[in-house]
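*Asks:* Submitted below is the structure of interest, expressed as structure tokens.
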Amino acid sequence: MSDIDFETRTKTVPKVERPKLHKVILVNDDYTPREFVTSVLKAEFRMTEDQAHRVMITAHQKGSCVVAVFTRDVAETKATRATDAGRRKGYPLLFTTEPEE
């Protein structure tokens, strides 16, 4: 029999981490009309009327409310677009982001 030289080959598979997630937070204010907040939540975050109303009421009662969780880029984009919608109408509507723990 002939000598067969088997070579052991190993593949190095890079460990890929999931992207860090960020929360989009609605901050309550006493000037932006509830109907407008609800319409922004429906438009930007694709919520139903009932979901948007519950998020708006929670922010009103507690001072702020987590709207949704996304990757950082998406969260920042949505928060900026929603805040800008309020600014265009002259309201102090504010959405912020923070890393999820």
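*Asks:* Can you work out which of the residues in the stretch 82-101 that are among the small types (G, A, S) and either in contact (Cβ under 8 Å) with a residue 12 or more places away in the chain or in contact with a strand residue (DSSP E or B) (Cβ under 9 Å, 6 or more places away or on another chain) (or both) is surrounded by the most Cβ atoms within 10 Å (Cβ to Cβ)?
*Replies:* Taking the candidates together, the pick is A82.
*Asks:* If you don't mind, there's one more thing I want to ask. Taking A79, is it under 18 Å from T96 (Cβ atoms) and either free of Cβ contacts under 8 Å to residues at least 12 places away in the same chain or of a type outside the set (D, E, K, R) (or both)?
*Replies:* yes
*Asks:* R46 fails exactly one of the following numbered conditions: (1) modelled with pLDDT of 95 or more; (2) of a type in the set (K, R); (3) farther than 16 Å from F70 by Cα. What is the number of that condition?
*Replies:* (3)
*Asks:* Here's a follow-up. Any residue in the stretch 65-83 that is part of a strand (DSSP E or B), among the charged types (D, E, K, R) and under 12 Å from the mean Cα position of the chain (by Cα)?
*Replies:* No: the stretch 65-83 contains no residue that is part of a strand (DSSP E or B), among the charged types (D, E, K, R) and under 12 Å from the mean Cα position of the chain (by Cα).
*Asks:* Also, quick follow-up: If you take the residues of the stretch 20-59 that are assigned to a loop (DSSP other than H, G, I, E, B) and among the polar types (S, T, N, Q), which of them is surrounded by the fewest Cβ atoms within 10 Å (Cβ to Cβ)?
*Replies:* Restricting to residues being assigned to a loop (DSSP other than H, G, I, E, B) and among the polar types (S, T, N, Q), the top hit is T48.
*Asks:* Another question, if that's okay. Consider only pairs whose beta carbons are under 8 Å apart and that are at least six residues apart or on different chains; among these, list those whose first residue lies in the stretch 45-57 and is more than 20 Å from T96 (Cβ to Cβ) and whose second residue is assigned to a helix (DSSP H, G or I) and among the β-branched types (V, I, T).
*Replies:* From residues that are more than 20 Å from T96 (Cβ to Cβ), the pairs are E49/T38; H53/T38.
*Asks:* Considering only residues that are over 12 Å from N28 (Cβ atoms) and not in a loop (DSSP other than H, G, I, E, B), which ones fall in the stretch 84-95?
*Replies:* Residues satisfying the conditions are D84, A85, G86, R87, R88.
The values are calculated or read from the model by the stated rules, or taken from the named source; none is laboratory data. Fair warning: this is a prediction, and the values are worked out from it, not measured in the lab. Cβ: placed from backbone, ideal geometry, glycine included. Neighbour counts: every protein chain shown.
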